[in-house]
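Peer 1: Pasting a structure below so you can have a look.
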């Protein structure tokens with residue numbers, strides 16, 4: 001769709017109308033329930049002298065009441081889903097207007113020693129993660145963060161196809177997210193997986209039939225009592241025998257039930273999400289692979305999960321006093337339900353982690369599909385094997401507003417190094433982050449903010465933000481040297497696209513000039529590809545000596561005693577610096 005906001009506005013209105021209609025139905029069924037209750041009570045009162053009729057009225061009234069209650073519960077669930085869908089569309093409209101800074105910043109995913117995650121506003125306030133993230137489950141959020149940090153240049157076309165297909169399924173994506181949001185889970189998938197793997201089966205295989213044998217004994221005892229062949233005392237003795245058998249395993253059953261109660265909601269959530277994945281028709285290779293991953297068993301994963309959910313619900317009924325006493329005493333219900341849970345764990349605990357991974361994958365990739373849907377004017381890079389690493393037209397920063405953004409063309413070949421100079425605030429650092437995000441987004445499989453892009457996949461490594469570490473007793477300069485050493489070591493192993501912003505800031509200007517020159521020369525000698533932004537114009541002299549180095553700049557002009565920037569990427573060396581002008585303008589000097 002060319003106008004995503006039109007889609008969101010239409011669907012917001014649609015779901016709000018549907019939710020309002022369902023609310024009226026809820027009110028109707030609630031009124032009918034009260035009416036049925038009153039009529040039943042009145043009928044029983046009027047026919048109380050004839051107990052057969054009174055009982056008949058009571059039974060009919062209870063049945064109708066239960067049917068109405070079931071209908072009410074179903075409609076209530078439907079309304080909650082419609083409200084969740086409406087909220088999703090409302091949120092999209094808010095984010096498109098720029099209101100997204102209160103969302104999860106993803107600070108937990110920052111890694112100071114990562115190849116680029118600390119440098120390019122990938123995480124943090126106003127970051128790319130904060131803007132793109134629509135995940136609903138914690139594992140999906142982790143999956144999305146890992147995907148953005150993966151630096152993976154394999155199978156990009158497969159990811160592009162999968163993301164593009166999900167972009168074309170906005171209703172399915174929203175239904176998936178809304179469904180996931182309706183169940184609040186407190187136990188993470190990781191915790192559940194660890195428990196499943198560590199659980200030791202405590203019930204013997206004979207327990208498969210013992211409860212049913214005991215049930216047969218219970219039926220015989222009650223039959224004998226009914227025909228007055230035994231006294232009521234035998235019912236009490238049989239009850240104690242049942243409780244005694246259950247008591248042998250009571251401690252372990254309590255422990256199992258405790259864990260079962262913790263994981264029950266998570267399994268309900270995953271059951272519904274697996275069902276949605278299984279029943280959708282996908283055409284892209286990657287999505288079909290993921291879908292087959294949960295359909296390879298004799299039964300679908302959602303049905304297998306549903307079996308466990310039912311067993312967990314049955315085990316949870318032990319919290320009812322009557323069920324706990326009479327259910328265990330006469331039917332060994334705890335043993336029967338615990339055996340079903342343990343049998344499920346034995347059969348499927350090794351597969352649960354894989355199924356959880358599929359659910360997390362779709363949760364994460366729905367965010368990528370949503371981002372693609374929201375930016376119909378962006379383009380998927382044409383993946384090439386040419387000498388050009390990036391050949392982009394009208395490349396812009398994806399987080400800048402269109403009306404303020406200045407797009408630039410970029411052409412950089414393999415083993416070419418660009419030196420970018422420019423005045424303060426002229427756009428050098430923004431340009432470096434623009435190029436960095438192009439690489440990250442292209443590697444993920446996302447469309448990029450450009451009108452055209454040919455891209456020969458390459459991994460990214462940056463040094464743009466360095467801070468001193470008081471806890472490690474490291475100075476700013478030493479931290480920067482450590483980062484540069486990290487880059488030098490990395491490019492010995494495999495090619496990287498290197499992006500540097502004003503290196504060696506922690507030393508004096510003479511050392512900085514000499515050190516920066518030697519470092520760039522070393523990178524070029526190592527056949528590296530990349531960009532360095534600097535205020536040091538002497539560094540631009542390398543272009544005369546090395547064919548691989550090219551100079552570019554961002555300019556600034558003083559017009560009518562005001563500073564003007566055009567943010568345009570130009571060939572050559574910057575001539576106009578603005579530090580002195582700004583100092584005077586702000587009356588600092």
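Peer 1: Can you give me the C-alpha center-to-center distance between segment 78-142 and segment 437-468, rounded to a whole angstrom?
Peer 2: 19
Peer 1: At a Förster distance of 51 Å, what's the computed FRET efficiency of residue 59 paired with residue 289, Cβ-Cβ distance as r, to 0.05?
Peer 2: On the way: r = 54 Å, r/R0 = 1.05.
In this case the efficiency is close to 0.40.
Peer 1: Just to be sure I understand the model, the point goes 7 Å from the Cα along the line to the Cβ. What's the resulting residue 385 to residue 24 distance in nm?
Peer 2: 6.4
Peer 1: Which length gain, in nm to one decimal place, applies between residue 424 and residue 575 when the Cα-Cα distance is subtracted from 0.36 nm times their residue separation? Walk me through the numbers before you get to the answer.
Peer 2: On the way: separation 151, 0.36 × 151 = 54.36 nm, distance 1.23 nm.
Length difference between fully extended and current span is 53.1 nm.
Peer 1: Given points 7 Å out from each Cα along the Cα-Cβ axis, report the residue 215 to residue 510 separation in nanometres with one decimal.
Peer 2: Placing both labels 7 Å along Cα→Cβ, they lie 9.3 nm apart.
Peer 1: Please give the FRET efficiency for residue 310 paired with residue 541, using the beta carbon to beta carbon distance and R0 = 60 Å, rounded to the nearest 0.05. Provide the component values of the computation, followed by the final result.
Peer 2: Values: r = 75 Å, r/R0 = 1.26.
So, using R0 = 60 Å, E works out to roughly 0.20.
Peer 1: Could you work out how far helix 156-167 tilts from the main Cα principal axis of the chain, as a 0 to 90 degree angle to the nearest 10?
Peer 2: Result, in degrees: 60.
Peer 1: While we're here: When a/c reaches 1.5 or more, the comparison of a/b and b/c decides; with that in mind, is segment 382-585 rounded, prolate or oblate per its Cα gyration tensor?
Peer 2: Numbers: a/c = 1.45, a/b = 1.02, b/c = 1.41.
It comes out rounded by the Cα gyration axes.
Peer 1: Express in nm, to one decimal, how much length is gained between residue 281 and residue 254 on full extension, taking 0.36 nm for each residue of separation and deducting their alpha carbon distance. Numbers along the way, then the final one.
Peer 2: On the way: separation 27, 0.36 × 27 = 9.72 nm, distance 4.25 nm.
The span from residue 281 to residue 254 would gain 5.5 nm if fully extended.
Peer 1: In nm, to one decimal, how far is the modelled label at residue 94 from the one at residue 125, with both set 7 Å along Cα→Cβ?
Peer 2: Distance between the two pseudo-spin positions: 1.8 nm.
Peer 1: Assuming a ≥ b ≥ c are the square roots of the Cα gyration tensor eigenvalues, decide whether segment 57-140 counts as rounded (a/c under 1.5), prolate (otherwise, with a/b larger than b/c) or oblate. Intermediate results must be reported in sequence, preceding the final value.
Peer 2: Working: a/c = 7.02, a/b = 3.02, b/c = 2.32.
Prolate shape, in that a/c is at least 1.5 and a/b is the bigger ratio.
Peer 1: Given an 8 Å cut-off on Cα distances and at least 6 residues of separation, report the relative contact order of segment 116-274 as a percent.
Peer 2: Details: 58 pairs, mean separation 47.1, N = 159.
Answer for segment 116-274 is 30 percent.
Peer 1: Oh, and also: Out of the DSSP beta bridges found with both residues in the chain, what percent are antiparallel (nearest 5)? Please report the intermediate quantities before stating the final value.
Peer 2: Values: 17 of 39 bridges.
Percentage antiparallel, nearest 5: 45.
Peer 1: Same structure, new question: Need one word for segment 142-267: rounded, prolate or oblate. Basis is the Cα gyration tensor (sqrt eigenvalues a ≥ b ≥ c); a/c below 1.5 gives rounded, then a/b vs b/c decides. Can you show the working numbers first?
Peer 2: Values: a/c = 3.99, a/b = 2.85, b/c = 1.40.
Note, shape of segment 142-267 comes out prolate.
Peer 1: Can you give the extra length, in nm with one decimal, that the chain gains between residue 320 and residue 70 once fully stretched, where that is 0.36 nm per residue apart less the Cα-Cα distance? List each step's numbers first, then the result.
Peer 2: Numbers: separation 250, 0.36 × 250 = 90.00 nm, distance 2.16 nm.
87.8 nm is the gain from fully extending residue 320 to residue 70.
Peer 1: Right, here's the next one. Compute the helix-to-body angle for 250-278: its Cα long axis versus the longest principal axis of the chain, expressed 0 to 90° and rounded to tens.
Peer 2: In the chain, helix 250-278 runs at an angle near 60 degrees to the longest axis.
Peer 1: Sticking with this structure for a sec: Which peptide among 308-318, 229-239 comes first, and what is the full order, when sorted by highest mean count of other Cβ atoms within 10 Å?
Peer 2: Packing order, densest peptide first, comes out as 308-318, 229-239.
Peer 1: While we're looking at this one, here's another question. With mean projected area of the Cα convex hull in nm² in mind, check [x] 27.1; [y] 30.1; [z] 38.5 and report the label derived from this structure.
Peer 2: It is the one labelled [z].
Peer 1: What angle, in degrees between 0 and 90 and rounded to the nearest 10, separates the Cα long axis of helix 428-444 from the longest principal axis of the Cα atoms of the chain?
Peer 2: Around 40 degrees separate the two axes.
Every number here is computed from the coordinates shown, using simple stated rules; none is lab data. Treat the numbers as computed from the prediction; the structure is a model and nothing was measured. Reconstructed Cβ throughout: ideal geometry from the backbone, glycine too, with neighbour counts over all protein chains shown.
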